[in-house]
Amino acid sequence: MDSCLRGPLGGAILESPRAEEPLSLPTPSPAGAPRSTPASRMSVVEHVREMAAAGLHSNVRLLSGLLLTMSGNNPELFSPSQKYQLLVYHADSLFHDKEYRNAVSKYTMALQQKKALSKTSKVRPSTGNAAATPQSQCLPSEIEVKYKMAECYTMLKQDKDAIAILDGIPSRQRTPKINMMLANLYKKAGQERSSVTSYKEVLRQCPLALDAILGLLSLSVKGAEVASMTMNVIQSIPNLDWLSVWIKAYAFVHTGDNTRAINTICSLEKKSLLRDNVDLLGSLADLYFRAGDNKNSILKFEQAQMLDPYLIKGMDVYGYLLARDGRLEDVENLGCRLFNISDQHAEPWVVSGCHSFYSKRYSRALYLGAKAIQLNSNSVQALLLKGAALRNMGRVQEAIIHFREAIRLAPCRLDCYEGLIDCYLASNSIREAMVMANNVYKTLGANAQTLTLLATVCLEDPVTQEKAKTLLDKALTQRPDYIKAVVKKAELLSREQKYEDGIALLRNALANQSDCVLHRILGDFLVAVSEYQEAMDQYSIALSLDPNDQKSLEGMQKMEKEESPTDATQEEDVDDMEGSGEEGDLEGSDSEAAQWADQEQWFGMQ
């Protein structure tokens with residue numbers, strides 16, 4: 001019999017059912033319709049379950065909250081299994097609303113209820129064939145509940161608690177997504193061996209889990225070993241022959257062999273089936289950036305962006321490169337576009353931070369970098385941005401912490417080491433800088449970038465000037481167009497007052513590329529040899545490339561001041577007659593230029 005009475009308006013008034021009897025909401029059938037439809041005898045918990053499955057989270061939250069209160073006031077109203085379900089569905093709705101602490105609390109209560117249920121009842125999950133009864137209901141998986149709890153803990157930045165809850169799941173009961181989460185958490189915590197084991201377990205269950213493959217490669221597992229774990233599936237499925245080459249390419253990426261990685265990914269990208277793949281283009285752009293080839297990096301980022309206008313990944317590096325080139329308007333537009341796509345990713349905040357940094361607004365850049373790290377603590381570019389802002393604000397020790405964390409996350413990225421070494425040099429810790437530069441040289445190999453970095457430190461000590469010269473010559477032999485090496489060699493020649501040699505070096509470097517810094521330094525050298533008109537032309541070119549380059553503006557203003565006394569006197573007389581007041585504006589510009597000239601920038605070479 002239906003356990004209900006009819007109220008004065010014909011509505012159903014529920015009576016309190018006996019323990020273990022599901023609370024039901026009979027649905028009146030239309031005239032002539034059979035009363036044997038499933039909904040006509042569904043329990044209220046089944047209605048909650050159906051709404052949860054349909055994604056009606058706000059409805060689930062309201063109804064389950066009311067039902068749990070009813071259960072609290074009358075413990076016999078619902079069976080233990082029903083209460084367990086209500087707690088899980090309520091916690092799921094809280095999770096959907098991003099109320100993670102509250103969700104963890106409800107999940108914990110659900111697990112306690114399940115534990116009590118296991119002791120007092122023989123309830124087992126239904127196969128789905130029998131009708132839903134207290135003895136045969138499909139209960140939410142306890143393993144899934146623990147996984148959701150771990151997700152909550154990661155959102156709350158409580159990684160240790162997340163690891164603890166997942167570690168409590170027996171190995172044989174861990175699903176691929178549990179192993180994947182554990183692998184990432186172990187890696188973040190520095191537990192590399194456990195992380196490798198978990199990644200391998202993911203691949204054992206899902207041999208095409210490419211992110212797990214990248215995880216193993218990032219932990220120094222050999223590419224051949226990783227490829228062997230996917231060999232069976234590659235051989236059994238057509239059109240997957242590219243996968244072994246893909247693994248080889250990213251093995252080169254994670255060993256820091258940028259040249260071979262670029263060549264291998266280019267060979268993949270040229271294949272007809274993988275042409276114009278956004279992920280491969282993004283990887284190429286990042287590799288060119290790491291190799292110091294900013295021109296090709298920007299080109300590949302632009303290609304990827306054209307193929308996918310909603311692309312976010314890698315746009316932080318793209319924004320930095322644009323900012324370094326003085327294209328601040330493009331950086332601002334990129335930041336606005338990314339914010340319109342999503343403000344819950346680190347990239348839009350980093351791009352806006354780069355705009356602020358290159359606009360000399362270091363406090364704002366610091367805030368934006370911190371916001372990006374809050375959204376993604378693994379964002380290397382956000383750490384570099386915040387570290388650079390801190391360093392330029394004189395907070396060197398805090399900056400060092402951020403650069404060290406960036407190195408931990410990206411041990412093959414040279415720019416992370418450059419930031420840390422710049423901090424050491426800024427604090428006159430030349431010995432620490434030399435140790436770090438030598439370690440980078442040994443770890444990443446003798447290429448133009450590491451040679452230049454080591455030479456940069458050697459230039460700070462008069463005793464090692466000759467060594468710096470030798471290192472720079474080696475770097476320029478490998479890559480004559482490497483801008484940072486050219487800049488440092490020009491600095492060395494300037495100290496030795498070998499201006500003609502410096503002019504030849506810079507002209508040669510500018511033959512196949514145009515760079516604001518190189519044009520500005522060439523202008524400085526031309527002034528030193530009294531080639532004023534051409535020097536002015538070089539400063540003008542530099543400012544056309546980067547209108548915010550204060551040193552180029554300073555150079556032009558310095559030349560104007562050094563004009564012949566007669567011309568200067570005539571101009572002053574004209575100014576006095578016209579009362580224009582423009583000279584005061586120029587003096588203000590000189591003061592401002594001098595102020596910014598004293599500020600060191602880490603992003604890019606001066």
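Table: residues versus (1) modelled with pLDDT under 90; (2) open to solvent by 10 Å² or more (accessible area, probe 1.4 Å); (3) closer than 27 Å to Lys295 by Cβ.
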position	(1), (2), (3)
Val440	no, no, yes
Leu453	no, yes, yes
Asp461	yes, yes, no
Lys467	no, yes, no
Asp481	yes, yes, yes
Lys488	no, yes, yes
Glu491	no, yes, yes
Asp501	no, yes, yes
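For the stretch 541-580, filtered to residues that are open to solvent by 40 Å² or more (accessible area, probe 1.4 Å) and under 21 Å from Leu505 (Cβ atoms), the residue that is modelled with the highest pLDDT is Ile541. Candidates Ile165, Ile178: the one that is touching a Lys or Arg at 6+ places or on another chain (Cβ under 7 Å) and within 22 Å of Met109 (Cβ to Cβ) is Ile165. I'd like the residue in the stretch 212-225 that is within 18 Å of Gly256 (Cα to Cα) and of a type in the set (A, V, I, L, M) and, out of all such residues, is surrounded by the fewest Cβ atoms within 10 Å (Cβ to Cβ). Checked the stretch 212-225; the qualifying residue surrounded by the fewest Cβ atoms within 10 Å (Cβ to Cβ) is Ala224.
Counting the residues of the stretch 166-176 that are open to solvent by less than 40 Å² (accessible area, probe 1.4 Å) and assigned to a helix (DSSP H, G or I) gives 1. Applying the criterion of at least 1 residues that are under 18 Å from Thr259 (Cα atoms) and hydroxyl-bearing (Ser, Thr, Tyr) to the helices (runs of 4 or more DSSP H) found wholly in the stretch 427-516 leaves 430-444, 448-458, 465-478.
Among the residues of the stretch 503-526, those identified as within 16 Å of Asp549 (Cβ to Cβ) and surrounded by fewer than 20 Cβ atoms within 10 Å (Cβ to Cβ) are Leu510, Ser514. Residue pairs whose Cβ atoms lie under 7 Å apart, separated by 6 or more positions or on different chains, with the first residue in the stretch 93-111 and touching a residue at least 40 places away in the same chain (Cβ under 8 Å) and open to solvent by less than 50 Å² (accessible area, probe 1.4 Å) and the second of a type in the set (D, E, K, R) and not in a loop (DSSP other than H, G, I, E, B), are Ser93/Arg61; Phe95/Lys148; Tyr107/Lys148.
Set side by side, the residues Ser236, Ser283, Ser272, Ser228 differ, and just one is closer than 28 Å to Val380 by Cα and open to solvent by 20 Å² or more (accessible area, probe 1.4 Å), which is Ser283.
Taken together, Arg364, Arg324, Arg337 contain a single residue that is touching a residue at least 60 places away in the same chain (Cβ under 8 Å), of a type in the set (Lys, Arg) and either open to solvent by 40 Å² or more (accessible area, probe 1.4 Å) or on the phi < 0 side of the Ramachandran plot (or both), which is Arg324. When Glu76 is tested against (1) open to solvent by 10 Å² or more (accessible area, probe 1.4 Å); (2) touching a Lys or Arg at 6+ places or on another chain (Cβ under 8 Å); (3) assigned to a helix (DSSP H, G or I), exactly one condition is not met: (3). Do we have any residue at all in the stretch 305-315 that's modelled with pLDDT of 95 or more, of a type in the set (Val, Ile, Thr) and under 28 Å from Leu444 (Cα atoms)? Checked the stretch 305-315: no residue is modelled with pLDDT of 95 or more, of a type in the set (Val, Ile, Thr) and under 28 Å from Leu444 (Cα atoms). Look at (1) in contact with a helix residue (DSSP H, G or I) (Cβ under 7 Å, 6 or more places away or on another chain); (2) crowded, with 16+ Cβ neighbours inside 10 Å and you find that Met155 fails only one, number (2).
Select from the stretch 304-321 the residues that are over 24 Å from Lys484 (Cα atoms) and either in contact with a His (Cβ under 8 Å, 6 or more places away or on another chain) or open to solvent by less than 60 Å² (accessible area, probe 1.4 Å) (or both) and list them in ascending order. Matches in the stretch 304-321: Ala304, Gln305, Asp308, Leu311, Ile312.
Residue check: Phe289 meets all listed conditions (1) within 19 Å of Ala304 (Cα to Cα); (2) under 25 Å from the mean Cα position of the chain (by Cα); (3) surrounded by fewer than 20 Cβ atoms within 10 Å (Cβ to Cβ); (4) not β-branched (Val, Ile, Thr) but one, namely (3).
The values are calculated or read from the model by the stated rules, or taken from the named source; none is laboratory data. Note that this is a predicted model, so its numbers are computed, not measured. In this analysis, Cβ positions are derived from the backbone assuming ideal geometry, glycine residues included, and neighbour counts consider all displayed protein chains. Each accessible area value is taken on the protein alone, full model and side chains, heavy atoms only, with ligands, DNA and RNA left out. Shrake-Rupley method; radii C 1.70, N 1.55, O 1.52, S 1.80 Å.
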